[in-house]
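Student: Got a structure for you, written out below as C-alpha cells; questions coming shortly.
The values are calculated or read from the model by the stated rules, or taken from the named source; none is laboratory data. Predicted model, so just to flag it, every value in this text is computed and none were measured. A quick note on method: Cβ atoms are made from the backbone with ideal geometry, for glycine too, and the neighbour counts reach across all protein chains shown.
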Amino acid sequence: MSINNYLYLSAILFTIGAVGVVVRRNAIVVFMCVELMLNAANLTLVTFSRINGTLDGQVVAFFTMVVAACEVVVGLAIIVTIYRSRRSASIDDASLLKR
Amino acid sequence: MVTNNGLVYLIALPLFGALSLLLLGRRADKWGHLLATALSASSFAVGLLQLSQMLGRATENRPVTQKLFSWISVGSFKVDASLLLDQLSICFVLLITGVGTLIHIYSISYMSHDHDRRRFFAYLNLFIAAMLLLVLGDSYLNLYVGWEGVGLASYLLIGFWNQKPAYATASKKAFVMNRIGDMGLSFAIMIAFASLGTVSFTGVKEHAHHASEATMTAIGIMLLVAAVGKSAQFPLQAWLGDAMAGPTPVSALIHAATMVTAGVYLIVRSNFVFDAAPTAQLLVVIVGAITLMFGALVGTAKDDIKKALAASTMSQIGYMILGAGLGPAGYAFAIMHLLTHGFFKAGMFLGAGSVMHGMNDEVNMRRYGALRKFMPITFITFGFGYLAIIGVPPFAGFYSKDMLIETAFNSGGTKAILLGSTALLGAAITAFYMTRVMILTFTSTKRWDDNQHPHESPILMWLPMAILAIGSVTSGFLLSRGSALKNWLEPLFESHGEHEELLSPMVVSSLALLMVALGVAIAVMKYQLSDVDAVAPQDVSIFTRIARRDLLQDDINEALFMRPGQVLTAALVKVDESVVDGAVRGIGQMAISSGSTLRRTQTGFVRSYAMLILVGAAVLIAAIWVVTQ
Amino acid sequence: MQSLLTIQGPETALFWFLAPLAVLAAIGMLLVKKAVHSALLLAWVMITLAIFYIAQDALFLGIVQVVVYTGAVMMLFLFILMLVGVDSSDSLTETITGLRPIAITAAVGFGGLMVSLLGHATLGREPIGLDIANQSGNVQGLAELLFSKYVWPFEVVSALLITAALGAMVLAHHQRTNPRPTQREQAVNRFRSGSLAGAAGLPGPGVFARHNAVDVPALLPDGTPAPSSISATLKARGDVIDSSQFQLDNVDTTVVEEK
C-alpha cells in the first residue's frame with residue numbers, strides 16, 4: 001500500500017467537511033464539520049511527518065489541535081450567546097449582514 | 001482746491017448716532033431719540049458753518065474738499081474716499097440736515113407710542129449720514145456708497161412696521177426696483193472707468209470734451225436709469241406709492257424731500273456728461289415730461305392722502321428731471337424747484353401725518369372732511385404748502401415752477417412747445433388734484449364716524465410743520481430774488497448763452513396762473529359744491545379706474561416682467577431638475593443600481609459566503625492542477 | 001542512504017478496514033437529521049484518525065486526539081447541544097436556491113482535483129519513516145522540538161488558550177439589567193397579569209392523575225391534560241405519555257351529603 005492513501009483519505013475527509021460547512025444549517029453541526037476539516041489537515045501533517053522522517057509535522061499538528069480547542073471554546077460561546085438572544089441555533093437566522 | 005477738515009463731521013455725527021443707537025440697543029431707549037435729533041441738528045449747524053465760510057470766500061475758491069483715506073489703489077486706478085463740498089452740495093447738505101432735523105423733532109412726538117422708536121431714529125440718522133455721503137462724494141464711486149446707503153435706509157424705513165406683510169412686501173418692492181437703478185449707476189461707473197479711466201467728477205468732466213459722443217451717451221443713459229430708479233420716474237415709478245407704507249415722517253423726509261430727489265442731483269451733478277450727449281439729454285426730458293403727467297394723473301384718482309401726495313411727488317420730480325434735461329438753462333431751476341419742493345412737500349406730508357395722528361391713522365380722504373375746525377394749525381400749514389405747490393404767487397412753487405415752464409417753452413424747436421404745453425397742463429392737473437386733497441380733507445362736509453375724535457397735534461409736531469410752512473412761503477422768493485440761486489450755482493455749469501425767447505416771462509406766468517385757476521375751479525365745483533361719497537364710487541369711467549390702478553403700472557410690470565420672469569424661472573427650475581439634477585442623480589442612481597445588483601451576491605447568509613470560499617478554493621486547486629500538468 | 005519505509009500488511013489491512021468506515025461516517029454526518037447523531041459520527045471519525053496517527057508512529061498525537069478531541073472537545077459539543085436544545089434537528093431541505101448543487105459541484109471538483117494532484121505529486125525521494133526520529137521515543141522527540149525549536153510558538157499558543165478561555169467567559173457572561181425578581185414579586189406579577197389562570201402557579205406533573213411521573217402531563221380541573229406541566233425538552237423528544245391511559249374508568253361523581 002502506498003503511503004499516499006492516507007493523503008487521499010485526508011483530502012476526501014476535508015472535502016466532506018467543507019461540504020458540511022456549506023450545506024448544514026445547525027451552527028453546532030457546522031462547527032463539527034470545521035473540526036472534521038481540521039482533523040483531515042492534521043492527518044496530512046502526520047503523514048508528511050512520516051514521509052519526511054522528522055517530527056516537525058507532528059508538532060504543527062499538535063499546535064493545530066490547541067488552536068482548534070480554542071476555536072471551539074470561543075465558537076461555542078458565541079453560539080450560546082446568539083442562541084440566548086435569538087432562540088435559534090440556525091446560522092441562517094443570523095443574517096443581519098445583508099441589511 | 002481748498003481743503004477743509006471739517007467736512008467729515010457732517011457725516012460722522014449722524015453716523016455715530018446711528019451706530020450707537022443700534023449697538024446700544026434697548027439701553028438707549030430712553031434717550032436715543034434725543035441723541036439722534038441733537039446729532040442731526042449739530043450736523044445742520046456744521047452745514048451752516050460751512051455755508052458761512054463758503055460765503056466768505058471768492059467764487060472760484062468756494063468748493064472745498066477733504067481726503068479721508070486712499071480707498072482703492074490698483075495700478076494706475078486710484079480712488080480716494082474724498083468729500084467735496086461745493087455750491088451744489090451745500091444746498092443739499094442744508095436741505096437734508098435742516099428738513100431732516102425738523103422731521104427728527106416731529107418724529108419724537110409722532111413715534112412716541114412706538115416700541116421701536118430708538119430703532120426708527122437710528123435708521124433716520126443712518127439715512128442722513130448716507131444721504132450726506134451721497135451729495136458730498138467727490139466721485140461716482142463715493143456717491144455710489146451713499147446711493148446704496150440711502151437705498152438701505154429707505155428699505156429699512158419703508159418696512160419699519162414689517163409685522164404687516166403688505167408693508168414688508170412694499171419695502172421689498174422698493175428695494176428691488178431701486179436695484180435696477182443701481183445697476184444703471186454701476187454700469188455708468190464701469191463704462192466711465194473702462195473708457196475714461198477715471199470715476200471722479202473732475203476727471204470725467206475733463207474727459208467729457210474729447211471722449212466720443214457714444215461713450216458719453218452710454219454713460220448718460222446709464223446715469224438716467226439710475227436717476228429713474230431712485231427718483232421713481234417713469235418707467236420705474238411703481239415703488240413710490242407702496243413706499244408710503246413707512247411711517248409718515250419717513251415719507252416726508254425720504255420719499256418727498258431728499259432721497260427721491262437724488263436722481264435730480266445725479267443728473268445736475270453730471271451736467272458735463274449730458275451736455276456732451278444730446279441724445280441722453282433728450283431722453284431725460286422725455287422721462288421727465290412723461291412722469292410729470294403720469295404722477296399728476298395718478299394723483300387725481302387717489303383717495304389715500306399719502307398716496308395722492310406720493311403721486312404728486314412723482315409728478316414734481318418729473319418737473320425737476322424735465323428741468324435738468326433742458327441743459328444749463330434748466331439746472332438751476334431744477335435745483336430751485338427741488339429745494340422749494342423739499343419745503344412744501346415735506347410740510348404737507350407732515351400735515352398728512354398730523355391729520356392721520358388726529359384721525360386714528362385713517363388715510364382715506366373720503367373719510368375726512370371739515371377738519372379745518374378741528375386742526376387749525378395743520379390746516380394753515382398744509383394750506384401754505386398747497387398754495388406753494390399749485391404755484392400761487394408769492395408762494396415758493398410759483399417761482400420755481402414758473403421758471404421751469406418758462407425754460408421749457410424757451411428750449412428751442414418744436415419740442416419746446418410740446419414740453420411747455422405738457423408742463424402747463426401738468427400745472428393745471430396739479431392744481432386740480434391738490435385742491436381735491438385740500439377740499440376732501442379740510443373744507444368739505446364731515447364724513448367720519450362719530451367715534452373719531454379729531455384733534456390738533458402737539459407742539460413738537462406742529463412746530464416743524466410751521467417752520468416748513470414758512471419755508472414754503474418764503475423760499476421761492478428768497479432763492480429767485482436777483483437770480484440768487486442761479487448765480488450761486490453758475491460756476492458749476494458751462495453756459496451756452498441765452499436761447500431765443502418763445503414766450504416772455506409775463507405770458508408764461510399768466511398762462512400758468514390761468515391753468516391753475518382752471519384746475520382749482522374744476523376741483524371746487526366737483527368736490528366743494530357737490531357732495532362727496534364716503535366710499536369711492538365704483539360705477540366710474542374706465543379712465544378713472546385705470547388712474548386708480550396707478551395707470552396700470554403694476555399690471556404692466558407684472559405682464560412684462562414678473563410673469564415672463566416666473567415662466568423663465570419655472571423653466572430654469574425644470575431644466576435644473578431634469579438636466580443638472582438628472583445628471584447628478586443619474587450618477588448616484590448608477591452607483592445605487594450597480595450597488596443593488598452587486599448586493600444580490602450578498603445574501604447575508606454565512607453559508608453562501610462559505611460556499612464562495614469553497615468555490616474559490618476549487619478554482620485555486622484547478623489553477624494549480626492546470627499549471628502543474 | 002536511510003532505510004526506505006515499507007508499509008506492512010497489518011497496517012494496510014487496518015487502513016482498508018477503517019478508512020471506508022471513516023468516510024462513510026463523515027458522509028453520514030452530513031446526512032443525519034439530529035445534531036447528536038452528527039456528533040457521535042464525528043467522534044467515530046476522530047477515533048479512526050487517532051488509530052491512524054498511532055499507526056503512523058505518532059503515538060503522542062494519537063493519545064492527544066483521543067483525550068482532547070474525542071474526550072474534551074466532543075464533550076463540549078454535546079454539552080452545548082444539550083444546552084441549546086437537543087431537539088434542534090435540521091430540516092435538510094435547502095432554503096438558499098442553488099447553494100447545494102454549486103457546493104457539491106465545487107466540492108467534487110475540489111476533492112477530485114486534490115486527489116488527482118496528490119496522485120502525481122512527487123517528493124523526488126522515497127518516504128523515510130519515523131524510525132530514526134522516534135529512536136528515543138515519540139514523546140521525547142516531540143518534547144525536544146517543542147521546547148527548543150518551537151518554544152516561541154508554544155508560548156504564543158498557550159497565551160491564545162488563556163485568551164480564548166477568558167473570551168468564552170466574557171461571551172457567556174450575562175449581565176442582569178434589573179434585579180432578579182423575588183418570589184414575592186413573581187407572585188404579585190402572576191396575580192396582576194391579564195388572567196388569573198396561572199395565578200396559583202403551574203400545576204405539578206401528575207396532579208389529579210393516577211400517575212405522577214414527570215413525563216405525564218397534569219390534569220386540569222376539567223379533566224383535560226395541561227401541556228404547560230411538561231418540560232419542553234421531553235415534549236421535543238416525543239417522550240410525553242398520554243395521560244388518558246391512566247384515567248379512572250368510572251369515578252363516582254355523585255355528591256352525597258355528609259352525615
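Student: May I ask you to verify whether C:V139 is at the interface with chain A (Cβ under 9 Å from one of its Cβ atoms), among the β-branched types (V, I, T) and in a helix (DSSP H, G or I)?
Tutor: Values: at the interface with chain A (Cβ under 9 Å from one of its Cβ atoms): no; among the β-branched types (V, I, T): yes; in a helix (DSSP H, G or I): yes.
No.
Student: Among all residue pairs at least 6 apart or on different chains, which show Cβ distances below 7 Å where the first residue, located in region A:45-68, is at the interface with chain C (Cβ under 7 Å from one of its Cβ atoms) and the second is surrounded by fewer than 21 Cβ atoms within 10 Å (Cβ to Cβ) and of a type in the set (S, T, Y)?
Tutor: Once the first residue is at the interface with chain C (Cβ under 7 Å from one of its Cβ atoms) and sits in region A:45-68, its partners that are surrounded by fewer than 21 Cβ atoms within 10 Å (Cβ to Cβ) and of a type in the set (S, T, Y) give A:V59/C:Y150.
Student: Now for a different question. Go over the candidates B:K345, B:K401, B:K373 one by one and state the one that is crowded, with 24+ Cβ neighbours inside 10 Å and out of contact with any helix residue (DSSP H, G or I) (no Cβ under 6 Å at 6 or more places or on another chain).
Tutor: None of the other options fit; the residue is B:K401.
Student: Could we say that B:S89 is over 25 Å from B:F201 (Cα atoms) and part of a helix (DSSP H, G or I) here?
Tutor: no
Student: On to the next question. How many residues does region B:216-270 hold that are among the polar types (S, T, N, Q) and under 25 Å from B:A122 (Cβ atoms)? Before the answer, list the steps.
Tutor: In the first step, residues of region B:216-270 are kept if they are among the polar types (S, T, N, Q); the result is B:217, B:231, B:233, B:237, B:248, B:251, B:258, B:261, B:270.
With under 25 Å from B:A122 (Cβ atoms) added as a condition, the list becomes B:248, B:251, B:258, B:261.
Counting residues in region B:216-270 that are among the polar types (S, T, N, Q) and under 25 Å from B:A122 (Cβ atoms) gives 4.
Student: Any idea which of B:I254, B:I221 is at pLDDT 90 or above and not charged (D, E, K, R)?
Tutor: When all the criteria are applied, what remains is B:I221.
Student: List the helices (runs of 4 or more DSSP H) inside region C:29-88, counting only whole elements, that have at least 1 residues being farther than 27 Å from C:Q8 by Cα.
Tutor: The helices (runs of 4 or more DSSP H) meeting that bar are C:35-55, C:74-84.
Student: Residue under question is C:E185, and the condition is that it be more than 10 Å from every other protein chain (Cβ to nearest Cβ), within 18 Å of A:V60 (Cβ to Cβ) and charged (D, E, K, R); does it hold?
Tutor: Spelling it out, it is not the case that C:E185 is more than 10 Å from every other protein chain (Cβ to nearest Cβ), within 18 Å of A:V60 (Cβ to Cβ) and charged (D, E, K, R).
Student: Kindly establish whether A:L96 is more than 16 Å from C:L81 (Cα to Cα) and out of contact with any helix residue (DSSP H, G or I) (no Cβ under 7 Å at 6 or more places or on another chain).
Tutor: So A:L96 fits the description; yes.
Student: Is one or more of the residues making up region A:37-47 in contact with a helix residue (DSSP H, G or I) (Cβ under 8 Å, 6 or more places away or on another chain) and farther than 22 Å from A:C70 by Cα?
Tutor: Yes, that holds for at least one residue.
Student: Restricting attention to region C:110-132, which residues are touching a residue at least 60 places away in the same chain (Cβ under 8 Å) and facing chain A (nearest Cβ under 7 Å)?
Tutor: Listed by number, the residues that qualify are C:P127, C:I128, C:G129, C:L130, C:I132.
Student: Follow-up question, since we're still on this one. Return the total of residues in region B:201-239 being out of contact with any strand residue (DSSP E or B) (no Cβ under 8 Å at 6 or more places or on another chain) and in a helix (DSSP H, G or I).
Tutor: Result for region B:201-239: 26.
Student: Quick one: would you say C:V170 is at pLDDT 75 or above, within 14 Å of chain A (Cβ to nearest Cβ) and either within 25 Å of the chain's Cα centre (by Cα) or not in a loop (DSSP other than H, G, I, E, B) (or both)?
Tutor: Here the answer is yes, as C:V170 does meet what is asked.
Student: Next up: Just to be sure, is B:R563 within 14 Å of chain A (Cβ to nearest Cβ) and of a type outside the set (S, T, N, Q)?
Tutor: In short, no.
Student: Would you mind stating whether B:N487 is surrounded by fewer than 14 Cβ atoms within 10 Å (Cβ to Cβ) and under 18 Å from B:G323 (Cα atoms)?
Tutor: Numbers: surrounded by fewer than 14 Cβ atoms within 10 Å (Cβ to Cβ): yes; under 18 Å from B:G323 (Cα atoms): yes.
Spelling it out, B:N487 is indeed surrounded by fewer than 14 Cβ atoms within 10 Å (Cβ to Cβ) and under 18 Å from B:G323 (Cα atoms).
Residue-by-condition table, conditions (1) of a type in the set (A, V, I, L, M, F, W, C); (2) at positive phi; (3) facing chain A (nearest Cβ under 10 Å):
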residue: C:I7; (1), (2), (3): yes, no, yes
residue: C:E11; (1), (2), (3): no, no, yes
residue: C:I27; (1), (2), (3): yes, no, yes
residue: C:S38; (1), (2), (3): no, no, yes
residue: C:A43; (1), (2), (3): yes, no, yes
residue: C:I63; (1), (2), (3): yes, no, no
residue: C:V66; (1), (2), (3): yes, no, no
residue: C:G71; (1), (2), (3): no, no, no
residue: C:L81; (1), (2), (3): yes, no, yes
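Student: Could you list all residues from region B:263-281 that are of a type in the set (S, T, N, Q), in a helix (DSSP H, G or I) and within 21 Å of the chain's Cα centre (by Cα)?
Tutor: Across region B:263-281, the qualifying residues are B:N271, B:Q281.
Student: Just checking, does region B:184-194 include any residue being in contact with a Gly (Cβ under 8 Å, 6 or more places away or on another chain) and of a type in the set (F, W, Y)?
Tutor: No - not one qualifying residue is present in region B:184-194.
Student: Give B:G369, B:G351 a once-over and let me know the one that is more than 23 Å from the chain's Cα centre (by Cα) and under 22 Å from B:A311 (Cβ atoms).
Tutor: On the way: B:G351 fails: more than 23 Å from the chain's Cα centre (by Cα).
Answer to the check: B:G369.
Student: Any residue that is at positive phi and either modelled with pLDDT under 90 or among the polar types (S, T, N, Q) (or both) - is there at least one of those in region A:40-54?
Tutor: There is at least one residue in region A:40-54 that is at positive phi and either modelled with pLDDT under 90 or among the polar types (S, T, N, Q) (or both).
Student: What's the total number of residues in region C:144-158 that are facing chain A (nearest Cβ under 10 Å), part of a helix (DSSP H, G or I) and closer than 19 Å to A:V67 by Cβ?
Tutor: Going residue by residue through region C:144-158, those that are facing chain A (nearest Cβ under 10 Å) are C:144-146, C:149-150, C:153-154, C:156-158.
Retained after the next criterion (residues that are part of a helix (DSSP H, G or I)): C:144-146, C:153-154, C:156-158.
Pick out the ones that are also closer than 19 Å to A:V67 by Cβ and you get C:145-146, C:153-154, C:156-158.
The total comes to 7.
Student: Counting just the residues of region B:578-629 that are polar (S, T, N, Q) and either in contact with an Asp or Glu (Cβ under 9 Å, 6 or more places away or on another chain) or closer than 30 Å to A:M37 by Cβ (or both), which one comes out farthest from the other protein chains (Cβ to nearest Cβ)?
Tutor: B:T601
Student: Touching a residue at least 40 places away in the same chain (Cβ under 8 Å), in contact with a helix residue (DSSP H, G or I) (Cβ under 9 Å, 6 or more places away or on another chain), assigned by TED's automatic domain parsing to the domain that holds B:A512 and closer than 17 Å to B:F343 by Cα, is that true of B:G420?
Tutor: No: the conditions fail for B:G420.
Student: Only residues that are more than 18 Å from the chain's Cα centre (by Cα) and in contact (Cβ under 8 Å) with a residue 40 or more places away in the chain: list them for region C:35-60, please.
Tutor: Answer for region C:35-60, where residues must be more than 18 Å from the chain's Cα centre (by Cα) and in contact (Cβ under 8 Å) with a residue 40 or more places away in the chain: C:A55, C:Q56, C:D57, C:A58, C:L59, C:F60.
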